Each structure stands twice: as C-alpha cells, then as structure tokens.
Amino acid sequence: PLDYWKSNTARFPVLALIARKYLGIPASSATSKRFFSQGALIMSKLRNRLNKSTFEIISCLKSW
C-alpha cells in the first residue's frame, strides 16, 4: 500500500500524506502479550488441572 501511495502522490496529495502517516504505523502485539502473561498467572503449578471452559471463564472475568 505504501508503494501505491508513493507512486500516486501527484494524483492524490492529501490522501497520500494521510496514508503514509497511518499505514506506516507498525501493528502492536501488546494485547496478545498481556493475554498470555495473564494466562501464565492463571495456570500455575497449583491450578494445572483446570479445564478449558474454566480457564476461559477466569480469563474473561480478569479482562473485564
């Protein structure tokens, strides 16, 4: 997408400027890292026998 806007800057100068500004932002993985860290706290050595549905319920309750 950035190559397209670079080659079409003359045709759409304002849109090209906006596209370069927002399409150049890298995607963040902070949410997924936070979720896996939270999962490691839930599934400890003492709770290693939780079934999937219980784990999902606890995860949802902690995220709300």
> For Lys52, which lysines qualify as cross-link partners when the Cα separation must be under 29 Å and same-chain residues fewer than eight apart are set aside?
Replying inline: Lys33, Lys62
> Would you list Arg34, Arg47 from the most to the least accessible area, probe 1.4 Å?
Replying inline: Arg34, Arg47
>> How large is the accessible surface of Ser7 in square angstrom, using a 1.4 angstrom probe and rounding to the nearest 10?
In response: 90
> Accessible surface of Thr9 in the full protein assembly, 1.4 angstrom probe, to the nearest 10 Å²?
Replying inline: 50
> Which label marks the calculated value of Rg/Rh (Cα atoms, Kirkwood Rh), given the options (1) 1.41; (2) 0.96; (3) 1.07?
Replying inline: (1)
>> In whole Hz and in residue order, list the ³J(HN,Hα) couplings for segment 2-8 that follow from phi through the Karplus curve 6.51 cos²θ - 1.76 cosθ + 1.60, θ = phi - 60°; x for Gly and Pro.
In response: 5, 5, 4, 5, 5, 6, 10
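The values are calculated or read from the model by the stated rules, or taken from the named source; none is laboratory data. Only a predicted model underlies this, so the values are computations on that prediction, with no experimental measurement involved. Protein only, heavy atoms only, side chains kept; ligands, DNA and RNA dropped before computing areas. Shrake-Rupley method; radii C 1.70, N 1.55, O 1.52, S 1.80 Å.
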